[in-house]
Amino acid sequence: MTVPSSSPELTAPARRELPPSMVERMTLIMDAFAGRSTRLTLEDVARCTHLPRSTAHRILDQLVRLRWLDHTSFGYSLGRRALGLGGSDGSHGEIREAAAPLLHNLQIRTGMVVHLAVLDGTEVFYLDKVGGRFAASVPSRVGGRAPAHSTALGKAMLAWLEPEQVDAQIGGAISRLTNRTIGEMGTLHQELNRIRQRRGLAFERGECFPNIACVAAAIRGHEGPVAGISLVGDARTPLEKVAPLVIDAARQASLALFPDLEAPRRSRWMMAVPDRTWSAETMNRLLATSQNGDWM
């Protein structure tokens, strides 16, 4: 007796779609860091990628070992390879690790976007961005760049360089991004001098991006600035109220990176690390307007 061939209705259930390949899973995880937050927990990654928690954890561990991601007690963030910082110099990783809890604390206390960046030639290079609801409206990204002379971060670091070094580093690249951007070296040197008089506090309103305001301070080592921390808000943000938090975070990051750091060598361009406590009188004096009434 001939057995009839099986009809589609009698065959085994259709094979379920196979899960993504390892490459696809890794891509899903890396893509999760392109959103508003640059620092994600394991639960955040699992939720964004729809991967099982155990699978996400295993892949995250591999990405950390391969330096595509960094892992601290505050979560995962893009690593040196993802940021294009290959090579044997691990200083950027150390800076990010030392600054991570300070950035997290600044964001929690202020609700503002927090940046960590280093000075790279004529530009600032963003190492980290921690933000709340305002983050999406700030056109910066981890691994991105911006002209140093147009940002509070860049000016905060340039202020601790010798004027001749600033001329050599920035002079050939200075240009205007907006109608508020500093467009000539003489004006830039005046601004850097004001920053030094404010003991390292740098401000900008609409110089890099319209309707964006920032306050920043440099993280300094034995030989000068190594990075900078900034708080970012809209043009109406009262930056003077949060300025002490920024300069204190930069000071703490400096001491975390250089525990043996003593008062830096004094020159007419470098000033002592500020005290932790800022009185209202001190802030008013530091934020006093210049003769033309424009201190930003």
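Summary table
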read-out	value
Single unsatisfied condition, A135 versus (1) touching a helix residue (DSSP H, G or I) at 6+ places or on another chain (Cβ under 9 Å); (2) at pLDDT below 90; (3) open to solvent by less than 10 Å² (accessible area, probe 1.4 Å)	(1)
Residue under evaluation A156, criteria (1) part of a helix (DSSP H, G or I); (2) touching a Lys or Arg at 6+ places or on another chain (Cβ under 8 Å); (3) not aromatic (F, W, Y), criterion not met	(2)
Residues (among the hydrophobic types (A, V, I, L, M, F, W, C) and more than 21 Å from M185 (Cα to Cα)) located in region 126-170	L127, V130, F134, A135, A136, V138, V142
Filter result for R199 (in contact (Cβ under 8 Å) with a residue 12 or more places away in the chain, closer than 30 Å to T72 by Cβ and in contact with a helix residue (DSSP H, G or I) (Cβ under 7 Å, 6 or more places away or on another chain))	yes
Failed condition for K155, given (1) within 19 Å of the chain's Cα centre (by Cα); (2) exposed (fewer than 15 other Cβ atoms within 10 Å of the Cβ)	(2)
Any hit, region 83-101, residues being at pLDDT 80 or above, under 19 Å from A216 (Cα atoms), assigned to a strand (DSSP E or B) and β-branched (V, I, T)	no
Restricting region 103-130 to residues that are outside any strand (DSSP E or B) and either crowded, with 22+ Cβ neighbours inside 10 Å or of a type in the set (K, R) (or both), the residue that is farthest from the chain's Cα centre (by Cα)	R109
Cβ pairs under 6 Å, 6+ apart, first in region 168-179 and touching a residue at least 12 places away in the same chain (Cβ under 8 Å) and of a type in the set (S, T, Y), second part of a loop (DSSP other than H, G, I, E, B) and open to solvent by 80 Å² or more (accessible area, probe 1.4 Å)	T178/P210
Region 170-225, residues that are open to solvent by 50 Å² or more (accessible area, probe 1.4 Å), part of a loop (DSSP other than H, G, I, E, B) and closer than 19 Å to E240 by Cβ	R180, R199, N211
Residue within region 260-270 that is at pLDDT 85 or above and of a type outside the set (A, V, I, L, M, F, W, C) present	no
Selection count where residues are part of a helix (DSSP H, G or I), small (G, A, S) and touching a helix residue (DSSP H, G or I) at 6+ places or on another chain (Cβ under 6 Å), scope region 226-246	0
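The values are calculated or read from the model by the stated rules, or taken from the named source; none is laboratory data. For clarity, every value in this text was computed on a predicted model and none was experimentally measured. We place every Cβ from the backbone using ideal geometry, glycine too, and count neighbours over all the protein chains shown. The protein model used for the area step is the full one, side chains on, heavy atoms only, and it has no ligands, DNA or RNA in it. Shrake-Rupley method; radii C 1.70, N 1.55, O 1.52, S 1.80 Å.
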